Amino acid sequence: MQSGKLRLEDPLARHVPDSPDAGLARKVTVRHLLTHTGGTGDIFGPELHRHRTSLRTLADYIRLYGSREGESEPRSRWAYSNYGYVLLGDGIERVTGQSEYDCVRQCVYWPARMSRTDSLPEDVPIARRAVGYKRSPGGRIPNTDMLS
């Protein structure tokens, strides 16, 4: 936005004209995706767990989730949506001509001097990577199966 390449009120379709859900892409804006009011639904559920090891790029997520119907009309309600961020990332890649990861690294992490922060896949070894935990019937277990 600072470079003037996109605006909060831009519809997704302006930057992702080949979106698998063209109707949604015409209605949902960058602001909707940033504020979780796009109605795009989330990615966590059985499909993610079945395919998680093959989901490496934003395009992989869009292939898997792109044909499903939205959960609600954009702006009608708030609902956390990682899929909305996937769509936003796709738009960022197209606007900047670089991967979302590189763009976030160069535009957010480095200027903020966040030298030990990144968004690398779980199979990339990272020294001193923080590990979170999740609840299970047997107690708390590491959430390393969800790092990506």
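The values are calculated or read from the model by the stated rules, or taken from the named source; none is laboratory data. In this text the structure is predicted, and so the values were computed from the model without any measurement. We work out accessible area using only protein heavy atoms, side chains counted, and drop any ligands, DNA or RNA first. Shrake-Rupley method; radii C 1.70, N 1.55, O 1.52, S 1.80 Å.
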Next on the checklist: Tell me the carbon and sulfur percent of the accessible area for the range 2-116, rounded to whole percent, probe radius 1.4 Å.
Outcome noted: 52 percent
Item to check | Whole-number accessible area per residue in Å² for the chain, which is evaluated in the context of all protein chains at 1.4 Å | outcome: 65 Å²
Checklist entry - Percent of alpha carbon pairs in the range 43-120 separated by more than 15 Å? => result 64 percent
Checklist entry - Over the chain, what per residue volume does the convex hull of the Cα atoms give, in whole Å³? => result 135 Å³
Checklist outcome for this item: Ratio for the range 77-148, C-alpha Rg to 2.2 N^0.38 Å, reads 1.37
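Calculate, in nm to one decimal, what D102 and E9 gain on full extension: separation in residues at 0.36 nm each, minus their alpha carbon distance. Can you show the working numbers first?
Details: separation 93, 0.36 × 93 = 33.48 nm, distance 2.41 nm.
Extra length available between D102 and E9 comes to 31.1 nm.
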Checklist entry - By accessible area of protein heavy atoms, probe 1.4 Å, what ranking do E93, E73 get, highest first? => result E73, E93
